[in-house]
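Before any comments, here is the structure.
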Amino acid sequence: MMVPAALLLLGTLTAVIAPRLLARSDWAEREPVVALWVWQCVVAAVLLCCALSMTLSAAAAWQAVRGHVFAPAPHSVVAAYTLGATGPWAAATAVLLACGGVWTAAMLTSEIARARARRRNRRAELIVRAPLLPGEEPGSDRLVVLEGERPDAWWLPGAAPRLVITTAALRRLKGRQLDAVLAHEQGHAQARHDWLLHCSAALANGFPQVPVFSAFRDEMHRLVELAADDVASRRFGRLTIALALVELNEDRGVFGPCPTPQAHVPQRVHRLLAPPARLTAGRRLQLTAAAALVPVVPLLVAFVPGLHALR
């Protein structure tokens, strides 16, 4: 049981230390795409620790599972894991971690189902508020204009993705600001940010007591917006997308002294108007490579005893 326990300890340390290190870093806002990758690698490492610990604990507790896990392995490899010298903790650990895995899958399924329901409701509302004109083909336009007194714009994904914008937003957006908003939303769609948000929400809602998952969800919401801002700013300039953000959110009170659910908008505008210096290409490559190695550590912990026995 030493290896499963070591994996659980490694997962716990990763879940506790990594978010604190990332919170103290000053490069995440400068390189949101790299930060997204680092967060995904950290969470993947935590989940991999749990999955490997569950597998080895089940192999230690039940001979049938051990036969499947170590079927092609020689006896020396099986002996290296000392699976026979276990108490009742092996079965309890395996069952507990398996329940966590099932719960995670259930929460992800629920999150995706809710997202699809919201998307269906929005499409149904879109059909009512913006019906097709005679001779108009469904899905022929990527831009849909709705009557509305509140400036708003959002991307509606699906087989025929569209940018929905209100007439109030059209009155406010000037020049290339509308194109910048479209580029921002397309940046979300091309990078499949919706899947990141679904996965992070499922983990945070399923395990609200685990800080790393709550931090993962909060950072995903922040970083995907910064990444999409960068996509739009590279095409239309930082000032253009910053002014578009101000025009769309000015009436919502986000620039006032009272906190609002969109409190990150002023920070995004400030970042666009006073952009921090980007990391060098070499530094970005180093961070990307280092993050990719984080999920490798649980694999090394799990396989090193067996590989050592083969020497």
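The values are calculated or read from the model by the stated rules, or taken from the named source; none is laboratory data. Model, not experiment: these values are computed from the prediction. Please note: Cβ atoms are built from the backbone with ideal geometry, for glycine as well, and neighbour counts cover all protein chains shown. Protein only, heavy atoms only, side chains kept; ligands, DNA and RNA dropped before computing areas. Shrake-Rupley method; radii C 1.70, N 1.55, O 1.52, S 1.80 Å.
Note the angle between two axes, namely the Cα long axis of helix 89-129 and the longest principal axis of the Cα atoms of the chain, as a number of degrees from 0 to 90, rounded to the nearest 10.
Helix 89-129 sits at roughly 20 degrees to that axis.
So, R0 is 25 Å and r is the distance between the beta-carbons of ARG150 and ASP179; what FRET efficiency does that work out to, to 0.05?
After rounding to 0.05, the efficiency reads 0.75.
Probe 1.4 Å, all protein chains in place: accessible area of GLU250 in Å², nearest 10?
Answer for GLU250: close to 100 Å² accessible.
Leaving ligands and nucleic acids out of the surface, order MET2, MET220 by accessible area at 1.4 Å, largest first.
The residues order as MET2, MET220, largest area first.
Just one of [x] -0.18, -0.25, -0.51; [y] -0.30, -0.39, -0.71; [z] -0.22, -0.30, -0.62 is log10 I(q)/I(0) by the Debye sum over Cα atoms at q = 0.06, 0.07, 0.10 Å⁻¹ as worked out from the coordinates here. Which one is it?
Computed from the coordinates, log10 I(q)/I(0) by the Debye sum over Cα atoms at q = 0.06, 0.07, 0.10 Å⁻¹ corresponds to [y].
Go through LEU272, LEU285 and list them by solvent-accessible area, largest first, probe radius 1.4 Å.
Descending order: LEU285, LEU272.
For the stretch 164-273, with only Lys/Arg (+1) and Asp/Glu (-1) charged at the beta-carbon, what is the dipole magnitude about the Cα centre, in debye rounded to 20?
280
Output the 0 to 90 degree angle, nearest 10, between the alpha-carbon long axis of helix 32-61 and the longest principal axis computed from the alpha carbons of the chain.
With both axes taken from Cα atoms, the answer is about 30 degrees.
Could you tell me how many degrees, from 0 to 90 and to the nearest 10, lie between the Cα long axis of helix 193-206 and the main elongation axis, the longest principal axis, of the Cα atoms of the chain?
Roughly 50 degrees, rounded to the nearest 10.
Given contacts defined as C-alpha pairs under 8 Å and at least six residues apart, what's the relative contact order of the chain, whole-number percent?
Answer for the chain is 26 percent.
Please report the accessible area of TRP37 (heavy atoms, 1.4 Å probe, ligands and nucleic acids excluded) in Å², nearest 10.
Near enough 100 Å² of accessible area.
Only Cα pairs within less than 10 Å get springs; with that Gaussian network setup on the chain, which residue of LEU96, LEU52, LEU108 has the largest fluctuation?
Judging by the Gaussian network model, the answer is LEU96.
Relative to the Cα centre, what is the charge dipole magnitude of the chain, using +1 at the beta carbon of each Lys and Arg, -1 at the beta carbon of each Asp and Glu, and rounding to the nearest 20 debye?
I would put it at about 300 debye.
So what's the gap between the Cα centers of the stretch 147-206 and the stretch 22-79, to the nearest angstrom?
Each part reduced to its Cα centre gives a spacing of 34 Å.
Could you tell me the accessible area of ILE112 in Å² (1.4 Å probe, neighbours in place), rounded to the nearest ten?
Counting only protein heavy atoms, ILE112 exposes about 30 Å² to solvent.
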